[in-house]
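The values are calculated or read from the model by the stated rules, or taken from the named source; none is laboratory data. Owing to the predicted nature of the structure, the values given are computational and were not obtained by experimental measurement. Note that we place each Cβ from the backbone using ideal geometry, even for glycine, and neighbour counts take in every protein chain shown. Protein only, heavy atoms only, side chains kept; ligands, DNA and RNA dropped before computing areas. Shrake-Rupley method; radii C 1.70, N 1.55, O 1.52, S 1.80 Å.
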Amino acid sequence: MNTKVLKTLEYNRIISLLSDEADSRPGKEQISSLEPVKDLRQIEEWQTQTADALSRLIKSGSTSFGGNADLRFIVKSLEAGSGLSATDLLLVASQLENAARLISYGESSGGGISRALSSANAGTRHSVDPDKGAVYEQESDETFTDSLTDLFAQLSSIPSLSEEIRRCILSEDEIADDASPELKKIRRQIGLTGDRIHSSLLQMINGSLRTYLQDAVITMRDGRYCIPVKAEYKGQVPGMIHDQSSTGSTYFIEPSSVVNLNNEIKTLMREEQLEIERILADLSAKCGLHTEEISLNQKIETALDVIFAKGKLALKMDATRPAYNRKHYLILKKARHPLIDKKKVVPIDVQLGRDFDLLVITGPNTGGKTVSLKTVGLLCLMGQSGLHIPAASHSELCVFNDIFADIGDEQSIEQSLSTFSSHMVNIVEILKNADRHSLCLFDELGAGTDPSEGAALAVSILEHQHSLGIRTMATTHYTEIKIFALRTEGVENASCEFNVETLSPTYRLLIGVPGKSNAFAISSKLGLSSEIIDNAKKHLDSDAESFEDVIQNLQQSRIETENDRKEIAEYKAKIKTLQDQLHNKNVKIDEQKAGIIRRANDEAQRILEEAKEIADKTIRDMQKAGITSGMADLEKERTALREKINSLGNEEEKNKKNQTKKNVTADPSKLTKGTAVIVHSLGMKGIVQTEPDARGELFVMCGSMRMQVKTADLRIDYNAIPEEKPGSSGTFSGSLKMEKTMNVGTEINLLGMTTDEAVSAVSKYLDDAYVAHISPVRIVHGKGTGALRNAVHQYLRSQKNIAEFRLGEYGEGDAGVTIVKFK
């Protein structure tokens, strides 16, 4: 990759942002040398590592790599047998402790990571689709791991070594007393000797020498204890003079009585230093046994620091992993320039290399043409560096062996090059080195010279690029280039949208529509007189003016089409919502209806079973009592009850089957004219009007509306299919239905019946009324002898589902009727 394009596309600023996310100096140094690569396997490995780091960051948050220092010199010293200083040993301990934290983080963040967190989750392996040529992911059945698992596993914490270093070394300037028994003993002796010196000097200060002293203090000079003596009394205090104040009024004298004690402290301090050196040498020797682990730790911690820096940057940019293909095309969806505030930047959709290999972008200045070029080039560089790109998911990139860009004004005064000449120098170099595996970006191709010559030159350059199949993007204002793109197969126009009314760009990139420069409109908006503008239009070539008008009409048509498409999409969304609501409502109603019927059937069956039990008991009691009169009639009633119970069970089973059938797609072969169906998506019932056609579509009449639907959206309405007539078996066979209960009245008339007939009629009526939830009901039995009333009351007392009954009051029929209330 040529280094010039890295500067032109501001790749170095991306590296700077990435470096800010790293914690350690080795990590920042490695990032500073990061450049795009051409090896697809390396790119995929880097992308997978970035995706896995992003997954771990989302799941478990960030971790610190600040304990990763550059220990290469320390490792070399250890390998050479040299001792380390306390500072170096603390760096080793810090690295080992950091390794321990990373091992723990790797275990906690790696277990059970959701595969939905990123497009390149661990536990997948990458393959190449031989037809499409795109790299895709395939889940593995093995225990979950990701691309970072092995890196975390190679770290060594060596807790015994780090703990020993921390035990012995408290800071860079302090060794612990407990570092060794000998050091502890020496320091204890130094303390005791110092106490003896202090005691002796305090006696002198508070005794006979008090008047000779400048201050009643004990001070240190050259590591020896002294007292400050006035200059005029220096001869009165025997001892050694170590220092004199700047004014000469004070001498710092070591009294003769403490010279030997000071000498003893000096000796002990030399012994202390020797013991410290021995301790450091011992710790260095222990570190020397683990130079391979320390060196490997640094490499892995540095690598992880870089990988997680990529993950953090992806998180900040809302970036995604691009898919790579081998077909040499790119598709960027909602791509954003990474150096523009993501709240302000307008995403663009770009494709190149699949349907066309040359894209010509036109439009007014400040409309976003150059930003579009830089976005494509920079995102390609980022992807080949293992960075996620700020674009929507399912964006695709390919590997370019080189990227060339001629962007910006590179006029050189030193080399006496004009703007055109400097651009041409770059273009000549690009044409010399670019091939079909390159990406070329030209900004304002052919500008800076005579327009007609510049346009001709630009068209010729683009024809050269197109003939070689080189992926190329170019921006221009020249009409000739727009026409070239319209006439040439494999070349496409694009434009950056511009709102003339507000004199501001929308920055949207529209592929397939050439742009208009809008020079006249912009000039008018900025205040240029209409007289000058009208005069300028007269000088405009009629063909060019006509072409610009065509472009304007195309743009207006596109805007209207987009608005219509947007409105249609909104209507479709509303219709879909209403369809879903209607379907859910119908499903709910069907469920409620089925529930009501089921509960009613259950209750009816319970009542009939109770009635059968009573009938069985009555027959048994009559048989015991030897009563034979009426036995045949009772036996018939009991048989009828049993048939009713069986009928209810069959009806319930049929309802369940019909409910199941409702959810099954109709068999097209059964969809004949007149078939009752349900349109599943609408929840509407209808009748089939035509046979299914070759596309699996037919017409259905739903009420007064005739509609065309697919057979897959139809369910046969089994509830609308007539029930089969029962045979001569005499069973009810489903005749007991809810419709029957709708005809039950609020009273029954028993006048003219015998007691047996009346009790049987009341039993049947009360069952129907109870199922129909009619309460209270009125039984008309008349006054007469009271036999009919007594028989009815005796029967009512035996019924468990009756809450109470009473004779009618005035206005209700008096004693000739009985009012019954159910529980």
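The ellipsoid equivalent to the alpha-carbon distribution of the stretch 260-323 has semi-axes of 52, 17, 4 angstrom, derived from the gyration tensor eigenvalues as √(5λ) and listed largest first. Residue 240 contributes about 100 Å² of solvent-accessible surface, heavy atoms of the protein only, 1.4 Å probe.
Where Lys and Arg each count +1 and Asp and Glu each count -1, what net charge lies around residue 24 among other residues with Cβ under 15 Å from its Cβ? Let's see the in-between values first.
Details: positive: 25, 28, 72, 101, 299, 310, 312; negative: 20, 21, 23, 29, 70, 97, 301, 305.
Net of charged neighbours comes to -1.
In terms of its C-alpha gyration tensor, the stretch 23-112 has an oblate overall shape, because the principal axis ratio a/c (a ≥ b ≥ c, square roots of the eigenvalues) is not below 1.5 and a/b does not outweigh b/c. Checking the table 327/572; 566/588; 344/374; 593/710 against a 25 Å threshold on Cα-Cα, which pairs fail? The answer is 327/572; 566/588; 593/710.
How big is the charge dipole of the stretch 194-238 about its Cα centre, in debye rounded to the nearest 20, if each Lys and Arg gets +1 on its Cβ and each Asp and Glu gets -1 on its Cβ? Its charge dipole is roughly 60 debye.
For the pair the stretch 256-292 and the stretch 672-705, the centres of their Cα atoms are 100 angstrom apart.
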